[in-house]
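One structure below.
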Amino acid sequence: MKNYFLAFLHVACALILVSAACSDTGKGNLKGDWHTKDGKSKLQITSKQFILNDSGAPMAEDYFLKEDSIFTSFEGNQPYTKFVIEHLDNHNLKLLYPDSTAIDFVR
């Protein structure tokens, strides 16, 4: 009886770990091509790079997500630039730039 309980406990813990590992983070629809409504700025987010094109040469940088923030531009080992995601759905993205300017992007 003791062995059955231990086996059941291990299977239950394994199922919990697998379900947590396979769950959706909710930021999957962040990747893709975005542009502002007036077309002046374009943003492309891939799994590895954050490419921003503001009326000049495109600026491609590595990035990582932490909660509702996108961190780019490393200075040493510290992230330097922080973009805050204010709103995200399948067709709209509202980013708060480091200078506290909110920009609306659409697909």
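Does Ser47 count as within 13 Å of the chain's Cα centre (by Cα), at pLDDT 80 or above, among the small types (Gly, Ala, Ser) and surrounded by 13 or more Cβ atoms within 10 Å (Cβ to Cβ)?
Values: within 13 Å of the chain's Cα centre (by Cα): yes; at pLDDT 80 or above: yes; among the small types (Gly, Ala, Ser): yes; surrounded by 13 or more Cβ atoms within 10 Å (Cβ to Cβ): no.
Against the criterion (within 13 Å of the chain's Cα centre (by Cα), at pLDDT 80 or above, among the small types (Gly, Ala, Ser) and surrounded by 13 or more Cβ atoms within 10 Å (Cβ to Cβ)), Ser47 does not qualify.
Filter segment 80-102 down to the residues that are among the aromatic types (Phe, Trp, Tyr) and over 18 Å from Gly32 (Cα atoms), then identify the one that is surrounded by the most Cβ atoms within 10 Å (Cβ to Cβ).
So in segment 80-102, the residues among the aromatic types (Phe, Trp, Tyr) come out as 80, 83, 97.
Filter once more, so that each one left must be over 18 Å from Gly32 (Cα atoms): 80, 97.
Working: Tyr80: 12, Tyr97: 14.
Among those that are among the aromatic types (Phe, Trp, Tyr) and over 18 Å from Gly32 (Cα atoms), it is Tyr97.
The values are calculated or read from the model by the stated rules, or taken from the named source; none is laboratory data. Keep in mind it's a predicted model, so treat the numbers as computed, not measured. Counting neighbours? That spans all protein chains shown, and the Cβs are built from the backbone with ideal geometry, glycine included.
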